[in-house]
Amino acid sequence: MDAELAEERVLQAEIAAVRRACENPPAPWEEKSRVKSFQAIHQFTSEGWTSSKDLKNQLGHLESELSFLSTLTGINIRNYSRQTEDLTSTEMAEKSIRKVLQRHRLSGNCHMVTFQLEFQILEIQNKERLSSAVTDLNIIMEPTECSELSEFVSRAEDRKDLFMFFRSLHFFVEWFEYRKRTFKHFKEKYPDAVYLSEGPSSCSMGIRSASRPGFELVIVWRIQIDEDGKVFPKLDLLTKVPQRALELDKNRAIEAAPLSFRTLLGVLGIEAALESLIKSLCAEENN
């Protein structure tokens with residue numbers, strides 16, 4: 001995932017450069033020098049393009065690669081810019097040390113989640129090696145129905161962990177869309193029994209039984225991101241039953257229901273476990 005995101009940013013920069021070359025083709029007497037300059041900036045290994053047609057063919061190839069990466073990761077970069085500042089002092093230059101600060105700005109989206117990033121990368125190069133580190137990271141998330149992302153975004157900013165942000169965002173959105181589709185499926189299949197208190201993007205699903213007034217089950221489905229950026233679902237079962245039913249429950253089945261649901265999830269998986277739960281509460285209506 002990290003390599004794919006890095007390649008996507010490189011392709012964005014290359015596409016922008018090729019577009020400029022296509023829109024402002026050099027005069028015949030300038031073509032050779034312009035192509036050489038273009039190659040030097042982007043470190044291309046080919047001998048360059050000999051015509052505007054070659055530039056457009058290369059542009060099409062780069063856009064095709066970028067489209068593939070966007071499809072693979074679900075992340076689309078719409079705007080990207082970079083500023084470079086040389087911080088090399090005279091003393092550092094004498095020791096063959098180069099220090100460069102890069103300021104990056106980009107905006108894009110991962111499916112329905114829109115974001116803007118501003119970050120700085122400090123590069124220090126000497127005769128032996130090149131080191132780089134993100135020294136500042138600011139993430140702006142557009143208003144979204146994914147309220148669970150806020151804590152993770154703050155953690156990514158504090159750690160200045162750019163790649164963790166992209167990697168975790170990708171998997172978070174996949175789980176979010178899966179939860180949304182799953183709840184919608186059961187709402188449409190059991191419209192009289194299932195309700196979504198917060199609408200289509202609800203993080204909980206309620207189940208009621210017309211034949212058992214007062215009995216209600218609530219599935220709370222959270223999408224969590226741990227300290228290392230790993231994304232995983234966490235489903236809990238809450239029960240709402242009349243006090244009289246609790247008093248009559250000598251075997252404490254209602255009290256054990258949340259733990260039993262966890263076991264059911266491990267055996268059947270999410271969708272089958274939810275289906276089983278709905279059918280068990282609404283067995284009489286289904287018959």
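Overall size of the range 84-207 from C-alpha positions, given as principal axis extents largest first: 78, 25, 20 Å. Per residue, the Cα convex hull of the range 176-282 amounts to 116 Å³. Across the range 259-274, rounded Karplus estimates of 3J(HN,Hα) from the backbone phi angles (6.51 cos²θ - 1.76 cosθ + 1.60, θ = phi - 60°) give 5, 5, 5, 4, 5, 4, 4, x, 8, 9, x, 5, 5, 5, 5, 5 Hz, Gly and Pro being marked x. For the range 176-282, the per residue solvent-accessible surface stands at 57 Å², with DNA, RNA and ligands left out and a 1.4 Å probe. Please report the net charge: other residues with Cβ closer than 9 Å to the Cβ of GLU123, K and R +1, D and E -1. The answer is +2. A dipole drawn for the range 176-282 from +1 and -1 charges on Cβ atoms has a positive end, and of PHE232, LEU196, GLY214 the residue lying farthest that way is GLY214. When the Cα positions of MET205, PHE166, ILE254 are compared along the charge dipole of the range 144-268, ILE254 comes out farthest toward the positive end, with charges on each C-beta of Lys, Arg, Asp and Glu.
Among the listed pairs LYS180/LYS279; LYS160/LYS187; LYS99/LYS230; LYS127/LYS160; LYS160/LYS184; LYS187/LYS240, those with a Cα-Cα distance over 31 Å are LYS160/LYS187; LYS99/LYS230; LYS160/LYS184.
What net charge is computed for the residues neighbouring VAL220, neighbours being all others with C-beta under 10 Å from the C-beta of VAL220, Lys and Arg scored +1, Asp and Glu -1?
On the way: positive: ARG222, LYS234; negative: ASP236.
Cβ neighbours under 10 Å give a net charge of +1.
Residues whose amide H lies under 5 Å from that of GLN224, counting only those 5 or more places away or on a different chain, are PHE232, LYS234; hydrogens are built 1.01 Å from N in the peptide plane. Converting phi to 3J(HN,Hα) with the Karplus coefficients 6.51, -1.76 and 1.60 and the offset θ = phi - 60°, the range 109-119 yields 8, 10, 6, 8, 8, 9, 9, 10, 10, 10, 8 Hz in sequence order, with x at every glycine or proline.
Taking all protein chains as present, what is the carbon and sulfur share of the accessible area of the range 176-282, in % to the nearest whole number, probe 1.4 Å?
Details: 3270 of 6060 Å².
With neighbouring chains kept in place, the figure for the range 176-282 is 54 percent.
Note on surface exposure: MET205, MET112 rank MET112, MET205 by accessible area, highest first, 1.4 Å probe.
The values are calculated or read from the model by the stated rules, or taken from the named source; none is laboratory data. The shown structure was predicted, so the numbers you read here are calculated from the model rather than taken from an experiment. Cβ coordinates were reconstructed from backbone atoms using ideal geometry, including for glycine residues, and neighbour counts include every protein chain displayed. Just the protein is used for accessible areas: all its heavy atoms, side chains included, with ligands, DNA and RNA removed. Shrake-Rupley method; radii C 1.70, N 1.55, O 1.52, S 1.80 Å.
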